[in-house]
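Here it is: the structure, laid out below.
Bear in mind these aren't lab numbers, they're just calculated from the coordinates by the rules spelled out. Not measured: the values here are computed from a predicted model. Don't worry about glycine lacking a Cβ; one is built from the backbone with ideal geometry, like all the others, and counts go over all protein chains shown.
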Amino acid sequence: MSTSGDAERFVDDAAGRAGHIFDPRTGRPSSALVTATVVAGSATLADALSTAAVVMGDEAFASLARRLDVGAV
């Protein structure tokens, strides 16, 4: 199980809040989700997928989670 998010690591300035997880498509901090938890067969897979979930957002990640048969919140 792994949880990723920007609850602890972020910058809050005049431009707004920016987390430490970046969206590789834009090069900007991800804004799809604040936190995601994934339960998978290995800790390494859960860690990678929880970070991906923060970038992808609810709907896109739900489809991936079903295909990979992992639990996600």
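State, to one decimal in nm, how far the label point of Phe22 lies from the label point of Val73, with both points 7 Å from Cα in the Cβ direction.
Inter-label distance under the simple model: 3.1 nm.
Can you give the charge dipole size of the chain about its Cα centre, rounded to the nearest 20 debye, using +1 on the beta carbon of Lys and Arg and -1 on the beta carbon of Asp and Glu?
Roughly 180 debye for the chain.
Taking Rg and Dmax of the Cα atoms in Å as the quantity of interest, determine which of (1) 11.8, 31; (2) 12.4, 41; (3) 15.9, 51 was computed from the displayed structure.
(2)
To continue, here is another question. Let's test the formula: R0 of 30 Å, r as the Cβ-Cβ distance of Ser63 and Phe10. What FRET efficiency results, to the nearest 0.05?
The computed FRET efficiency comes out at 0.65.
Next up: Please identify, among Val34, Val11, Val54, the residue showing maximal mean-square fluctuation in a Gaussian network model of the chain using a 10 angstrom Cα cutoff.
Val11
Would you kindly state how much longer the chain becomes between Ala32 and Thr44 on full extension, computed as 0.36 nm times their sequence separation minus their alpha carbon distance, in nm to one decimal?
Extra length from Ala32 to Thr44 when fully extended: 2.1 nm.
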